[in-house]
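The values are calculated or read from the model by the stated rules, or taken from the named source; none is laboratory data. This one's a predicted model, so the numbers in the text were calculated from it and none came from an experiment. Note that we place each Cβ from the backbone using ideal geometry, even for glycine, and neighbour counts take in every protein chain shown.
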Amino acid sequence: MTALLSTRGLSKRFGGLLAVDEVSLDLPRGGVRAIIGPNGAGKTTLVSLISGRFPASAGQILFKGRDITRQRPWHRARAGIVYTFQVTSVYASLSCFENVALAAQRRLARGALGQLWLDERALQARVAEVLAQVGLAGAGAQRADALPYGHQRLLEVAMSLALEPEVLILDEPTQGLAQAEIAALSERVREISAQVTVLLIEHNMAVVLDLAQVVTVMDRGRVIAEGAPAEIERDAQVQRAYLGGRC
Amino acid sequence: MSFGPYLFLAFLEGTVTAFVLALTALGLSLVFGVMRIVNVAHGEFFMLGAVLAWYCSTLLEGSPLAGFALALLLAPLAVGALALASDWLILRRVNYNPESTIVATIGLLYIVQQLVLTFYGPEARPVAAPVYFRVSFPWFGYSGYKLIVAGLAAALLLATWYAMSRTRLGLYMRATQQDLEIAQAFGVPVRRVYATVFALGAMLAAVAGVLIVPVQQAHYLMGLDPLLLSFIVVIIGGLGSLKGTVVAAFLIGISDGMISVFFSPTLAKILATLLVAAVLVFRPGGLFGDNRA
Amino acid sequence: MTTGPEDGGAPRRRLGRVVALHLAIVAALFLAQFLLPAYHYTNVARIMVLATFAIGYNVLFGYTGLMSLGHAMFFAAGMYATGLSVYYFEVTAVPALALGVLAGAVVAALFGLVALRTSGVSFLIVTLMFAQALYLTILYFNEITFGDQGFTLSRALAPLNVAGTAVPFSEPALKYNGAWLVVSLALLVSAALAASPIGRVLVAVRENEERTRLLGYNTFAYKLLALVVSGAIAAASGAAYALLFSYVGATFGSILYSIYPLLWTLLGGAGTTLGPLVGTGVMYYLIDVTSGWTSAYLFVVGGSLLALVLWFPLGIMGAVRARWLRWLP
């Protein structure tokens, strides 16, 4: 079975720093893959390369069998690789509705004419549906920056969902959230992972153990271990890299 | 005069232009580098320098040299004071927001222009050079004063370089330019550095105006061309790069001067704009820049 | 400095109100010609044409967030394309206008392909320089363009064929209604754009360009589109000015005419559809009134810009939207 998303020898160099060093991984369709590692391991850089935020220095990225290494970020998003920012990146001064609508209209607007006029009711329905899916039903009219931080993270996820992703990249989604919010978000991610392949960067080991089927461990730009969560937890190399595990 | 000497003459003209342009553009570049704002009124500081130089020459009618010396002292001080006032009253109020600063300095530009128009008038008035002698080349005589201008400008450029690299103020400026938050954390008095840099940038422009006014004439609209040329220079040199500014100033200054001699100033400006277009297509960050815009 | 929050609830209801408001404004401007005294009649016509310029500027600045200091180049492109074609080739009004708009769009497209490779401050400076280069080029080809002095179209411009009658362009009613037609079209186009999916993307580009890219939008293409629309509308204004007020001159390509639309838009409220119209009107009368006592109108321009940025960044319609009518586009 061919993987949905693969990287082959992917590398990224910033000046003198080799942030991602020959990373090859295969992501099969479905389920949750977690990427863990200490700060500076290159996790965010790796997913930034996959989503196209910046170009790779070397290596290949394959999506559904096609080489997308040179593809521009907006093409990749349209193709189904969606990145959710580590630092909350919603449109602060716009309403929640507008935030999600921007993503949703990408899918609803078909062709050149669709750019000029859109069925408002269909858009409204879709936005309401996505907001409900993440637990923000009814928040449409509120300004995004009026939401508490945890809800802003949910809004980010909602925007990503509205794009109908095939690969959803979540970059430290639970950072800054309270325990109850983390539990709620984990539930959502579990539901989402039934239809969407999730690539999850996380420091919170409890969440990783709870959600992921496979865990990839990175340190200093390289993959040092890969396997089921339970075995990774016990792996000596991983423990050494993390200096104890939890961040 | 045959072509060779004519080329040499054009080259001399270009060099003088380049030095003065380097001085003016440096002021703009410093302000952008350290404060991350563009002062659209920068050309008006240049113009004020020239107008104040004319004023000084009328105060000391008998001796152009004394008038010049007075201007070199008075103009930068007055323009620096205006810059400090602008910083305190306007720039701080908008918290150095890039877009607001641009609009505010455009406002300042028109107010200064109108003030000069009202009190000085619409005419262009000449100012006598402080010293008059001709340097004799085998093919033509060249204005000695222009060479002095180049020399003085060069000295100021060196002084600025020295200040930037060897003095504490220079250290503060470079630190603030590199990383504002860390500079603040280290106790660099950022607000005062900003005010000082803004004033220094204005003063450099004012001195350039004083130096060039015996060659041109003092006119209330004379700030526009230096402003545009300075913009061209900082784009090509790369916003935020001082070395780039000086190099680009020479590139532009010499070619502008030479094309102006051979063809026309208008054509020189048009070509400079096309040059910018070319640089943008191939190197959006300028020749040395880091494109921090 | 630009807009307030967009209203998120019940888009359908909002759309109805928006359409009604804009049609009402258009109708009011039309009816005003029967109520205005003679002095104000030509003034309002001029305001409407210049407001079109501001409307075009607002598409790029208010909605897309790209400040330009060179919009005079689009205005001049339209004015000269139309003016020269009438003066030298005796082209009639409507084709000449179309030519003007096309010129603006082409200049904007070519300019954008080069300039949009930069952003922020660099972009700003580049707009200023290219506009100045065009201005200098107009002056350079003095024999053809008559430079600063300019030329009039009254001899070469054929009367307009309105439903069978030939109406000369000196006729005040034609000036007014021609201006009304141009500003109404510009207003409706900009409002439609703002309310469309494209408009939403433009606002997103303004707020956070990188995020917008990662949501699947080719932001360069959208910025270029905004620039071309903006340039075309600005050129329409220049072309209309040439035809209706029968004057083409290089002053309209100078820097002041790049600052004016910025001023009018800021005063009226950037990022609102009606802001440019309001701002142009208010500023026009402000300068008109003050020129009664002093010729120092640059003080008004400079002082207004300072006052706006220090104390009134939202502008008139921006403040109205923030405080009372949140559904204004």
Condition check for A:Val207: part of a strand (DSSP E or B), touching a residue at least 24 places away in the same chain (Cβ under 8 Å) and either in contact with a strand residue (DSSP E or B) (Cβ under 8 Å, 6 or more places away or on another chain) or more than 25 Å from A:Ser93 (Cα to Cα) (or both): no
Going by the conditions given, is B:Leu108 closer than 20 Å to B:Val190 by Cα, of a type outside the set (Val, Ile, Thr), in contact (Cβ under 8 Å) with a residue 24 or more places away in the chain and within 11 Å of another protein chain (Cβ to nearest Cβ)? no
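Rundown of residues vs (1) surrounded by fewer than 17 Cβ atoms within 10 Å (Cβ to Cβ); (2) at positive phi; (3) within 14 Å of chain C (Cβ to nearest Cβ), yes/no style:
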{"position": "A:Arg53", "(1), (2), (3)": "no, no, yes"}
{"position": "A:Ser57", "(1), (2), (3)": "yes, no, no"}
{"position": "A:Gly65", "(1), (2), (3)": "yes, yes, no"}
{"position": "A:Thr69", "(1), (2), (3)": "no, no, no"}
{"position": "A:Arg72", "(1), (2), (3)": "yes, no, yes"}
{"position": "A:Ala77", "(1), (2), (3)": "no, no, yes"}
{"position": "A:Thr84", "(1), (2), (3)": "no, no, yes"}
{"position": "A:Val87", "(1), (2), (3)": "yes, no, yes"}
{"position": "A:Val90", "(1), (2), (3)": "no, no, yes"}
Which numbered condition A:Leu46 misses (of (1) of a type outside the set (Phe, Trp, Tyr); (2) more than 14 Å from every other protein chain (Cβ to nearest Cβ); (3) assigned to a helix (DSSP H, G or I); (4) free of Cβ contacts under 8 Å to residues at least 60 places away in the same chain): (4)
Restricted to region A:23-33 and to residues being among the small types (Gly, Ala, Ser) and loosely packed, with under 15 Cβ neighbours inside 10 Å, the residue farthest from A:Leu200 (Cα to Cα) is A:Ser24
Every listed condition ((1) aliphatic (A, V, I, L, M); (2) more than 10 Å from every other protein chain (Cβ to nearest Cβ); (3) free of Cβ contacts under 8 Å to residues at least 60 places away in the same chain) holds for C:Ile125 save (2)
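Before we move on, is C:Asn58 at pLDDT 95 or above and within 22 Å of C:Leu181 (Cα to Cα)?
Working: at pLDDT 95 or above: yes; within 22 Å of C:Leu181 (Cα to Cα): yes.
When the stated conditions are applied, C:Asn58 passes them.
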Out of region B:218-236, which residues are within 15 Å of the chain's Cα centre (by Cα) and at pLDDT below 85? B:Ile235
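Report yes if A:Trp74 is closer than 14 Å to C:Leu215 by Cβ, of a type in the set (Phe, Trp, Tyr) and free of Cβ contacts under 8 Å to residues at least 24 places away in the same chain, otherwise no. Write out each step before concluding.
Details: closer than 14 Å to C:Leu215 by Cβ: yes; of a type in the set (Phe, Trp, Tyr): yes; free of Cβ contacts under 8 Å to residues at least 24 places away in the same chain: yes.
Criteria met by A:Trp74.
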Looking at (1) under 28 Å from A:Lys64 (Cα atoms); (2) of a type outside the set (Asp, Glu); (3) crowded, with 19+ Cβ neighbours inside 10 Å, which one does A:Val214 not meet, given that it meets all the others? (3)
For region B:48-103, the count of residues that are part of a helix (DSSP H, G or I) and more than 21 Å from B:Glu123 (Cα to Cα) equals 29
Looking across region C:287-299 at residues that are within 9 Å of chain B (Cβ to nearest Cβ) and in a helix (DSSP H, G or I), the single one that is surrounded by the fewest Cβ atoms within 10 Å (Cβ to Cβ) is C:Tyr297
Is it true that A:Arg143 is more than 9 Å from chain C (Cβ to nearest Cβ), touching a residue at least 40 places away in the same chain (Cβ under 8 Å) and among the charged types (D, E, K, R)? no
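Out of the residues in region C:118-139 meeting the condition of being within 13 Å of B:Leu271 (Cα to Cα) and more than 20 Å from the chain's Cα centre (by Cα), tell me which one is surrounded by the most Cβ atoms within 10 Å (Cβ to Cβ).
Filtering region C:118-139 down to residues within 13 Å of B:Leu271 (Cα to Cα) leaves C:129-130, C:132-134, C:136-137.
From what is left, the residues that are more than 20 Å from the chain's Cα centre (by Cα) are C:133, C:136-137.
Working: C:Ala133: 23, C:Leu136: 21, C:Thr137: 19.
Among them, the one singled out is C:Ala133.
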Of these, C:Val86, C:Val59, which one is away from chain B (no Cβ under 14 Å), buried (at least 24 other Cβ atoms within 10 Å of the Cβ) and over 20 Å from the mean Cα position of the chain (by Cα)? C:Val86
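Looking at the structure I just gave you, is A:Gln152 closer than 20 Å to A:Ala128 by Cα, away from chain C (no Cβ under 11 Å) and among the polar types (S, T, N, Q)?
It is true that A:Gln152 is closer than 20 Å to A:Ala128 by Cα, away from chain C (no Cβ under 11 Å) and among the polar types (S, T, N, Q).
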Here are some residues: C:Leu202, C:Leu157, C:Leu224, C:Leu174. Which one is in a loop (DSSP other than H, G, I, E, B), within 25 Å of the chain's Cα centre (by Cα) and either more than 9 Å from every other protein chain (Cβ to nearest Cβ) or on the phi < 0 side of the Ramachandran plot (or both)? C:Leu157
Considering only residues of region C:98-117 that are surrounded by 22 or more Cβ atoms within 10 Å (Cβ to Cβ) and either in a loop (DSSP other than H, G, I, E, B) or within 10 Å of chain B (Cβ to nearest Cβ) (or both), which is nearest to the chain's Cα centre (by Cα)? C:Phe111
Please indicate, with yes or no, whether at least one residue in region B:3-19 is assigned to a helix (DSSP H, G or I), within 13 Å of the chain's Cα centre (by Cα) and among the acidic types (Asp, Glu). no
Scan region A:54-63 and tell me whether some residue there is of a type in the set (S, T, N, Q), part of a loop (DSSP other than H, G, I, E, B) and more than 19 Å from the chain's Cα centre (by Cα). yes
Test for C:Leu262: is it within 26 Å of C:Ser304 (Cα to Cα) and crowded, with 21+ Cβ neighbours inside 10 Å: yes
Within region C:267-286, which residues are of a type in the set (Val, Ile, Thr) and either surrounded by 24 or more Cβ atoms within 10 Å (Cβ to Cβ) or modelled with pLDDT under 90 (or both)? C:Thr272, C:Thr273, C:Thr280
Write out, first by first residue and then by second, each pair whose Cβ atoms fall under 9 Å of each other, whose residues are 6+ apart or on separate chains, and whose first residue, in region B:183-194, is surrounded by fewer than 17 Cβ atoms within 10 Å (Cβ to Cβ) while the second is in a helix (DSSP H, G or I). B:Gln184/B:Thr176; B:Gln184/B:Val190; B:Phe186/B:Ala175; B:Pro189/B:Tyr172; B:Arg192/B:Tyr172
So, in region B:65-86, how many residues would count as being crowded, with 19+ Cβ neighbours inside 10 Å and more than 15 Å from B:Ala206 (Cβ to Cβ)? 1
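Can you confirm whether region A:10-22 contains a residue that is in a loop (DSSP other than H, G, I, E, B), over 17 Å from A:Glu202 (Cα atoms), within 14 Å of chain C (Cβ to nearest Cβ) and not polar (S, T, N, Q)? Show your work before the answer.
Step one: of region A:10-22, the residues in a loop (DSSP other than H, G, I, E, B) are A:15-16.
Now narrow it down to the ones that are over 17 Å from A:Glu202 (Cα atoms): A:15-16.
Add one more test, that the residue is within 14 Å of chain C (Cβ to nearest Cβ), and what stays is none.
Within region A:10-22, none of the residues are in a loop (DSSP other than H, G, I, E, B), over 17 Å from A:Glu202 (Cα atoms), within 14 Å of chain C (Cβ to nearest Cβ) and not polar (S, T, N, Q).
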Any idea which of B:Asp256, B:Asp225 is facing another protein chain (nearest Cβ under 10 Å) and either touching a residue at least 40 places away in the same chain (Cβ under 8 Å) or in contact with a Phe, Trp or Tyr (Cβ under 8 Å, 6 or more places away or on another chain) (or both)? B:Asp225
Of all residues making up region A:145-163, the number that are touching a helix residue (DSSP H, G or I) at 6+ places or on another chain (Cβ under 6 Å) and modelled with pLDDT under 90: 1
Region A:67-108, residues that are over 21 Å from C:Pro197 (Cβ atoms) and hydroxyl-bearing (Ser, Thr, Tyr): A:Thr69, A:Tyr83, A:Thr84, A:Thr88
